[in-house]
1. Rounded to the nearest whole Å², what accessible area per residue is found for the chain with the 1.4 Å probe?
2. Of the heavy-atom accessible surface of the chain (probe 1.4 angstrom), what whole percent is carbon and sulfur?
3. Suppose we flag GluC sites (Glu not before Pro) only when DSSP calls them loop and at most 16 other Cβ atoms lie within 10 Å. Which is the longest uninterrupted stretch of the chain?
4. I'm a student and want to see the number: the projected area of the Cα convex hull of the chain, averaged over all directions, in nm².
5. Can you run phi through the Karplus equation (6.51, -1.76, 1.60; θ = phi - 60°) for region 115-132 and list ³J(HN,Hα) in whole Hz, with x for Gly and Pro?
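The values are calculated or read from the model by the stated rules, or taken from the named source; none is laboratory data. These numbers were taken from a predicted model, which means no experiment stands behind them. We place every Cβ from the backbone using ideal geometry, glycine too, and count neighbours over all the protein chains shown. Side chains included, ligands, DNA and RNA excluded: accessible areas come from the protein's heavy atoms. Shrake-Rupley method; radii C 1.70, N 1.55, O 1.52, S 1.80 Å.
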Amino acid sequence: MIRLANPQEYPHLTEIWQRSVRATHDFLSEQEIARLKVYVAPYVWLDNHMLPQGFVGVVAQRIEMLFVEPDLRGQGIGRQLVNFAVTELAARELDVNQQNPQGTGFYLSMGFVVTGRSALDAQGNPYPLLHMRLAEGESNSG
């Protein structure tokens, strides 16, 4: 089940975010991780016990964040969240850190294509980004 997160869930989502970032963004220091924040009200994926195990945030047809509990990666949660973002929230674009090959590969498998690159991230840090867009005609059903 996917639904809009409740404010009470934000501390738990922040923990998921921190664990996921540590598992996939090995180019970030602990100090940099501590400075980053979750800014978008995310939609959460809930397990059978109604506990959030992943989330996606979309603003103006852009996926701004996607994070899944590291122990649950590879089980389809990210795929369900991206499908939700595309079909329900009309997401068509995203940026992914170029230094995150797992993320890049995942988005390519979901039908996104690289449309450009930036040397700096949105905060002006030296973390190159790949700009991606959903390929024309992709249903994203993967």
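1. On the way: 7780 Å² over 142 residues.
Each residue of the chain exposes 55 Å² on average to a 1.4 Å probe.
2. Details: 3970 of 7780 Å².
That fraction is 51 percent.
3. Details: sites that count: GLU136, GLU138.
Value returned for the longest uninterrupted segment is 1-135.
4. Numbers: hull surface 32.6 nm².
Approximately 8.1 nm², given one-decimal rounding.
5. Couplings: 10, x, 9, 10, 6, 10, 7, 5, 8, x, 7, x, 10, x, 10, 9, 8, 10 Hz.
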